[in-house]
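Worksheet for the structure shown next.
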Amino acid sequence: MNGVVALRETVDKLGGRAGAALAALFTAVGVATVVAQQTVIAASRRITAAQETPDSQFVVDPATIETPLSLDLSFGVAVLVVLGVAVIAEYAAVVTLRVVTGDSLAAAAATRRVGRTVVVGFLVGTVVRVLVGVGLAAFLLPGVFFAVTLLFAHPAVAIDDAGVREALATAWSLASGRWLDVAAIVSLLVVLYLTPRLVGSVVTGAPGLLLGGAVTGIGSLLSSGVVGRAYLAAKEEESREQTAAEADPYDAPLDADDLAEPE
């Protein structure tokens with residue numbers, strides 16, 4: 001299980017029409033995410049400004065807020081837009097995980113139990129993000145621990161239709177004994193997360209936000225592919241280990257039947 005190999009395999013798998021379609025979808029989702037976030041920020045600041053007294057030195061003119069891509073929506077509607085974009089992003093990640101591990105985009109990848117998978121995947125992803133975020137905020141090592149041990153929970157849902165508890169158990173099982181390999185995959189994902197944001201920060205204003213959203217979408221596409229390929233490799237490794245253990249019974253622990261009876 002190697003991150004560079006997983007990335008190369010992802011690029012190969014996404015080289016055809018399916019990859020182009022997913023790249024377009026992720027680009028659109030990335031831009032939509034930026035617009036939705038800016039809309040929420042602008043709406044929340046309008047509420048804050050409206051609650052300030054006219055004499056307050058902290059009154060903020062909404063026209064001066066730097067949210068050039070925001071839509072003129074109420075805060076509640078803006079939050080719904082953010083949730084809607086998040087659901088679409090989850091669907092795109094599920095389809096990508098399936099495509100890079102062998103499913104056809106036109107068949108099983110885009111339609112197989114998709115409603116249930118998106119809901120469970122969203123829940124599992126939220127649980128993992130919360131645990132990692134709290135762990136990083138409280139103390140760095142717990143966050144890294146959760147990021148490593150739960151990396152494969154999401155692909156277990158998307159690829160193998162696992163439930164929440166099964167996905168978390170599968171992630172733990174696949175990471176056990178492969179801590180360094182999985183940590184290397186997580187490091188690659190951090191690079192794929194940060195690089196697009198650095199690229200987007202080079203350009204200022206609305207063009208920079210649009211560029212940042214687009215390249216962040218492509219980074220998310222590659223990240224999903226890398227996790228999917230690494231998940232497949234980890235499952236194959238686990239299967240080989242189990243086969244080897246079954247073929248060589250001396251590697252397995254002794255049970256009562258293996259002990260000689262006293263004479």
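The values are calculated or read from the model by the stated rules, or taken from the named source; none is laboratory data. Fair warning: this is a prediction, and the values are worked out from it, not measured in the lab. All Cβ positions, even for glycine, are placed from backbone atoms using ideal geometry, and neighbour counts span all protein chains on display.
Here is a check on your reading of the model: is Val157 crowded, with 16+ Cβ neighbours inside 10 Å and either under 21 Å from Thr216 (Cα atoms) or in contact with a helix residue (DSSP H, G or I) (Cβ under 9 Å, 6 or more places away or on another chain) (or both)?
Yes; evaluated as a whole, the condition is true for this residue.
Identify all residues within the stretch 1-15 that are of a type in the set (A, V, I, L, M) and surrounded by 18 or more Cβ atoms within 10 Å (Cβ to Cβ); write none if there are none.
Selection gives Met1, Ala6, Leu7, Leu14.
Name the single residue, out of those in the stretch 135-154 being of a type outside the set (A, V, I, L, M) and closer than 20 Å to Glu237 by Cα, that is surrounded by the most Cβ atoms within 10 Å (Cβ to Cβ).
Phe152
Mind telling me which of the residues Ala32, Ala21, Ala36 ends up being more than 21 Å from Val82 (Cβ to Cβ), in a helix (DSSP H, G or I) and modelled with pLDDT of 90 or more?
Going through Ala32, Ala21, Ala36 in turn, the sole match is Ala21.
Just checking, which of Gly219, Gly225 is under 30 Å from Ala36 (Cα atoms), in a helix (DSSP H, G or I), in contact with an Asp or Glu (Cβ under 9 Å, 6 or more places away or on another chain) and at pLDDT 90 or above?
Exactly one residue qualifies, and that residue is Gly225.
From the list Thr204, Thr170, which residue is at pLDDT below 90 and more than 16 Å from the chain's Cα centre (by Cα)?
When all the criteria are applied, what remains is Thr204.
Is it the case that the stretch 155-164 has a residue that's farther than 25 Å from Ala109 by Cα and either part of a helix (DSSP H, G or I) or of a type outside the set (A, V, I, L, M, F, W, C) (or both)?
No, the stretch 155-164 contains no residue that is farther than 25 Å from Ala109 by Cα and either part of a helix (DSSP H, G or I) or of a type outside the set (A, V, I, L, M, F, W, C) (or both).
For residues that are under 17 Å from the mean Cα position of the chain (by Cα) and more than 11 Å from Ala234 (Cα to Cα), tally how many sit in the stretch 173-188.
6
Residues being of a type in the set (Ser, Thr, Tyr), part of a helix (DSSP H, G or I) and over 22 Å from Leu222 (Cβ atoms): count how many of those fall in the stretch 167-189.
Here the count works out to 2.
Quick check: anything in the stretch 190-207 in contact with a helix residue (DSSP H, G or I) (Cβ under 9 Å, 6 or more places away or on another chain), without any contact (Cβ under 8 Å) to a residue 24 or more places away in the chain, part of a helix (DSSP H, G or I) and of a type in the set (Ser, Thr, Tyr)?
yes
Could you grab the pairs with beta carbons closer than 9 Å, sequence gap of 6+ or different chains, first residue in the stretch 62-75 and assigned to a loop (DSSP other than H, G, I, E, B), second one hydrophobic (A, V, I, L, M, F, W, C) and at pLDDT below 80?
If the second residue must be hydrophobic (A, V, I, L, M, F, W, C) and at pLDDT below 80, the pairs left are Ile65/Ala49.
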